[in-house]
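Down below is the structure, laid out as structure tokens.
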Amino acid sequence: MALVRPPHWTLEQVLRGQALAVVLDGLQDPGNAGAILRAAEAFGASGVAFLKGSVNPYNPKCLRASAGSVFRVPLVAALDPRLLLAAAEQRTLDLFALMPQGGREAGEANFTRKCAIIVGSEGHGVSDRLRARALGIRIPTTGVESLNAALAAGITLYVARKQRMVAA
């Protein structure tokens, strides 16, 4: 057994440089949150913001699902959505909200600019406050209404990474 102090990150570090941030808006399932942290690391996200009402990133199930990414990816927890929106406006971040009925397919969105991908709660989706400020994007599916939050985030992060590699 070991006692480990998690790294301390700031919102500025999560949104640094040519940001590709992930925002968890009320996400409750620790397995989903951990898988999203792992995908964020795998696809080069600048960091992850857990908004108030989201699961604790240091929940044991989240830790296991992240496979250690929770200790390597810059993250902030229990963040007030107003602070996120103010920082996004100040840094001119494009906001994309994952929604089954989003107006644009993920592959059509431009992730090469500074941006944040918002993943809503499993039961309620993206909050009205954030949805009003973001472009809704969807992943086209057949036979199912929507995807698991972690799967949708992983696919979107892959698309973003691919676009950024082509643009570089």
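The values are calculated or read from the model by the stated rules, or taken from the named source; none is laboratory data. What you are looking at is a predicted structure, and each value in this text was computed from that prediction instead of being measured. FYI the Cβ positions are ideal-geometry reconstructions off the backbone, even for glycines, and counts take in every protein chain you see.
Is it true that Gly102 is outside any strand (DSSP E or B), small (Gly, Ala, Ser) and under 17 Å from Leu27 (Cα atoms)? No; evaluated as a whole, the condition is false for this residue. With respect to the conditions (1) surrounded by 13 or more Cβ atoms within 10 Å (Cβ to Cβ); (2) over 16 Å from Glu105 (Cα atoms), Arg161 falls short on a single one, namely (2).
Residue-level check: of (1) under 15 Å from Ile118 (Cβ atoms); (2) of a type in the set (Val, Ile, Thr); (3) at pLDDT below 95, Val4 misses just (1). Looking across region 44-66 at every residue that is closer than 12 Å to Asp29 by Cα and of a type in the set (S, T, N, Q), the one that is surrounded by the most Cβ atoms within 10 Å (Cβ to Cβ) is identified as Ser54. Selection of region 156-165 for residues being free of Cβ contacts under 8 Å to residues at least 60 places away in the same chain and in contact with a helix residue (DSSP H, G or I) (Cβ under 7 Å, 6 or more places away or on another chain) yields only Val159.
If you go through region 46-83 and pick out every residue that is part of a helix (DSSP H, G or I), closer than 21 Å to Arg5 by Cα and not aliphatic (A, V, I, L, M), you end up with 7.
Across region 119-139, what is the number of residues that are assigned to a loop (DSSP other than H, G, I, E, B) and modelled with pLDDT under 95?
3
Using beta carbons and a limit of 8 Å, which pairs, at least six apart or on different chains, have the first residue in region 1-14 and touching a residue at least 40 places away in the same chain (Cβ under 8 Å) and the second one among the aromatic types (Phe, Trp, Tyr)? Pairs that qualify, where the first residue is touching a residue at least 40 places away in the same chain (Cβ under 8 Å) and the partner is among the aromatic types (Phe, Trp, Tyr), are Val4/Phe71; Pro6/Tyr58; Pro6/Phe71; Pro7/Phe71.
Candidates Gly102, Gly143: the one that is modelled with pLDDT under 95, crowded, with 17+ Cβ neighbours inside 10 Å and more than 18 Å from Lys52 (Cα to Cα) is Gly102.
Exactly one residue among Arg138, Arg133, Arg91 is touching a Gly at 6+ places or on another chain (Cβ under 9 Å), touching a residue at least 12 places away in the same chain (Cβ under 8 Å) and either over 18 Å from Ala39 (Cα atoms) or not aliphatic (A, V, I, L, M) (or both), and that residue is Arg138.
Scanning region 105-134 for residues that are surrounded by fewer than 17 Cβ atoms within 10 Å (Cβ to Cβ) and either aliphatic (A, V, I, L, M) or farther than 20 Å from Leu51 by Cβ (or both) gives Glu105, Gly107, Glu108, Asn110, Thr112, Arg113, Ala132. Answer yes or no: is there a residue in region 56-64 that is out of contact with any Pro (no Cβ under 6 Å at 6 or more places or on another chain), closer than 21 Å to Ala134 by Cα and not basic (Lys, Arg). Within region 56-64, none of the residues are out of contact with any Pro (no Cβ under 6 Å at 6 or more places or on another chain), closer than 21 Å to Ala134 by Cα and not basic (Lys, Arg). On the basis of being part of a strand (DSSP E or B) and at pLDDT 95 or above, does Ala86 make the cut? So Ala86 does not fit the description; no.
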